[in-house]
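Just below is one structure, and these are the notes that go with it.
Coordinate-derived values only; no laboratory data. The structure presented is a predicted model; accordingly, all values stated were derived computationally and were not measured. Here Cβ is always computed from backbone atoms with ideal geometry, including for glycine, and neighbour counts include all displayed protein chains.
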């Protein structure tokens, strides 16, 4: 009898403890908001994936339409350079392999340019980056390529080209962190050229646009050195 | 003691936050109840959706699109499509026109689409508008069309029954008895298809053996004629050299 009472009491105590723990945990962590956010984001991802699959299917449909009409069109097309658009369209039909090939070639080019930069062959690196940017304007690494190009010019003391590249970065990737660093470099060039007011403007813009710790502290230091 | 434990479990059941996840998503959002185009995907388990002209049972992670009431496009995964009225089923490489009471099983792979005529003889049309008939219990695969206007297509053969049962069991929304009945009917056709294929294979093998024998005979005849010709030539040269 006595042991039963102890047993019941222990179970009740455990239940009570669980309840209290759950209440405290809920009160201090408030996981509902995060759970809601997670489920919302999961739902968003699922919808995006579905949309992507539907678009992929449209793309396949288009490929097949092209493949269906292409042989006829190629027979009637002019030869030589003028047939290039049609041949380019034909390559769409075999786009999968072509895409893989292009991606690997893109990565190789970028790595080669980066290696030249690391080896401090800035002239060759700049040329390689310009080539890479021209050939692969939609690459994932394009932002970094622009940044390293501007750095290469800076290392070669070619300030005008460096400024032009940074301006292009501001135009193309205004929100990128690398653009922030490139802008600091721009400020430094203005300092060398004895244009302190413009340098201050640049540093202040960086402080406002990129409040992140790394870039902002760099900009703040540079600003202090100009003001001194 | 047991009663207390039961009450405790009951209490936990009511306090734990149970969430039932949505099983199907559609694109555009909530388009299934409305008219017009609608992309659908099942998230966690096999699902079944009814249309005016039929029904689509599909596996988890499968994607398809309702183009209109009588036309659908299957995009990814595997499906059992049952028609109540004439229905147009499109895939990336093949289009099937289903008549009432016909059923089709489709497996959409990466580079080919496999079709099984589950009920009825199906009318198929490939991307170059070539028409085929796929008899019940037969399967065939279709691939892409390349830039030289060649289409990849397999050879019709009896379906893989064992594999099909497993896949159908996973996605079918039919009642057990109904599924059993359908599979029974399918099995009859399948046995017939196997026999036909066997007969065709035997006939084809016999034809090949016959051709081979004919070839052997032809070669022997050729050797005989050549030997005669050589003998005649020898005689001719012998006469020319020693007799004349």
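Beta-bridge orientation, the protein assembly as shown: approximately 95 percent antiparallel, per DSSP, counting only bridges with both partners inside. Seen against the Cα atoms of chain A and their longest principal axis, helix A:196-209 is set at about 40 degrees.
Comparing B:119, B:55, B:198 in a Gaussian network model of chain B (Cα springs below 10 Å), the most mobile by mean-square fluctuation is B:198.
Counting only alpha carbon atoms, the long axis of helix B:176-238 and the longest principal axis of chain B meet at about 20°. The C-alpha atoms of chain B define a longest principal axis, and helix B:2-15 lies at about 80 degrees to it. Remark: mean inter-chain Cβ contacts per residue of B:64-73 equal 1, using a 10 Å Cβ-Cβ cutoff to other protein chain atoms. Taking every residue in A:65-76 and counting other chain Cβ atoms within 10 Å of its Cβ, the average works out to 3. In summary, the convex hull built on the alpha carbon positions of the protein assembly as shown has an orientation-averaged projected area of 51.1 nm². Working from Cα pairs under 8 Å separated by at least six residues, relative contact order for chain B is 10 percent.
Inter-chain Cβ neighbour count for A:51-63, averaged per residue, equals 4 (cutoff 10 Å, partner chain atoms only). Between the range A:16-60 and the range A:148-179, the alpha-carbon centres lie 40 Å apart. For chain B, modelled as a GNM whose springs connect Cα atoms under 10 angstrom apart, the maximal fluctuation among B:185, B:205, B:82 occurs at B:205.
Of all the options B:137, B:170, B:203, the one that moves most in a Gaussian network model of chain B with Cα springs shorter than 10 angstrom is B:203.
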